[in-house]
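So the structure is just underneath, and the comments pick up after that.
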Amino acid sequence: MSHSFAIRPARREDCGTILALIRALGEYEKLADEIVATEEILEQWLFDKEKAEVLLAEEDGVVAGYALFFHNFSTFLGRAGLYLEDLFVLPQYRGRGYGRALLSRLAALTVERGCGRLEWSCLDWNQPSIDFYRAMGAQPMDGWTVYRLTGDTLEQAAKYDNKA
């Protein structure tokens with residue numbers, strides 16, 4: 001049985017589907033309790049403020065996976081890049097090349113937009129994804145650690161006033 005497969009940009013009406021995919025990713029990454037996004041929040045930030053974009057992978061018109069990304073900037077390259085926040089294919093659709101197709105489409109967008117690089121983070125324990133990324137030719141950025149401010153620590157940092 002052959003399946004039709006397509007990758008398309010998400011539309012406003014896809015926010016419920018995107019949220020369901022984010023929740024599925026959260027379960028996979030054992031981080032589901034950290035998800036506070038809602039359809040309304042996604043609609044605001046993806047479509048009203050246009051701060052990120054989503055590509056949806058569909059098999060026979062049913063969403064099988066997604067890639068959520070946004071522009072960042074490299075001062076060393078002097079131009080923008082794309083940052084892949086999420087790449088996820090639902091378990092029942094894995095092994096069909098959809099993850100590779102999403103990453104390939106994102107690489108093509110990076111080139112088409114004249115961006116200097118495509119980058120992302122991966123959990124250290126996620127060996128299947130690490131193997132997949134390495135097979136695509138991606139290289140880990142040894143010597144770099146991701147830092148983050150959120151919640152109360154972000155609020156405290158925002159109040160710092162250089163009058164020490």
Review point. Being more than 29 Å from Gly116 (Cα to Cα) and in contact (Cβ under 8 Å) with a residue 12 or more places away in the chain, is that true of even one residue in region 67-82?
Key: no
Point to revise | Meets criteria (polar (S, T, N, Q), surrounded by 15 or more Cβ atoms within 10 Å (Cβ to Cβ) and modelled with pLDDT of 95 or more) for Thr110 | key: yes
**Study point:** Subset of region 1-59 (residues that are part of a strand (DSSP E or B) and surrounded by 13 or more Cβ atoms within 10 Å (Cβ to Cβ))
**Key:** Phe5, Ile7, Arg8, Glu53, Val54, Leu55, Leu56, Ala57, Glu58, Glu59
Check your understanding: Name the pairs whose Cβ atoms lie under 9 Å apart, with the first residue in region 14-39 and closer than 14 Å to Val63 by Cα, the second surrounded by fewer than 17 Cβ atoms within 10 Å (Cβ to Cβ) and aromatic (Phe, Trp, Tyr), and 6 or more positions between them or separate chains?
Key -> none
Review point. Just one of Leu90, Leu123, Leu154 is out of contact with any Cys (no Cβ under 7 Å at 6 or more places or on another chain), in contact (Cβ under 8 Å) with a residue 60 or more places away in the chain and surrounded by fewer than 18 Cβ atoms within 10 Å (Cβ to Cβ); which is it?
Key: Leu123
Review point. Taking interchain pairs and intrachain pairs at least six residues apart, which have beta carbon atoms under 7 angstrom, with the first residue in region 43-54 and in contact (Cβ under 8 Å) with a residue 40 or more places away in the chain and the second surrounded by fewer than 18 Cβ atoms within 10 Å (Cβ to Cβ)?
Key: Glu53/Pro9; Glu53/Phe70
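The values are calculated or read from the model by the stated rules, or taken from the named source; none is laboratory data. Since the structure is predicted, the reported quantities are computational estimates derived from the model, not experimental observations. Cβ atoms come from the backbone with ideal geometry, glycine included; neighbour counts cover every protein chain shown.
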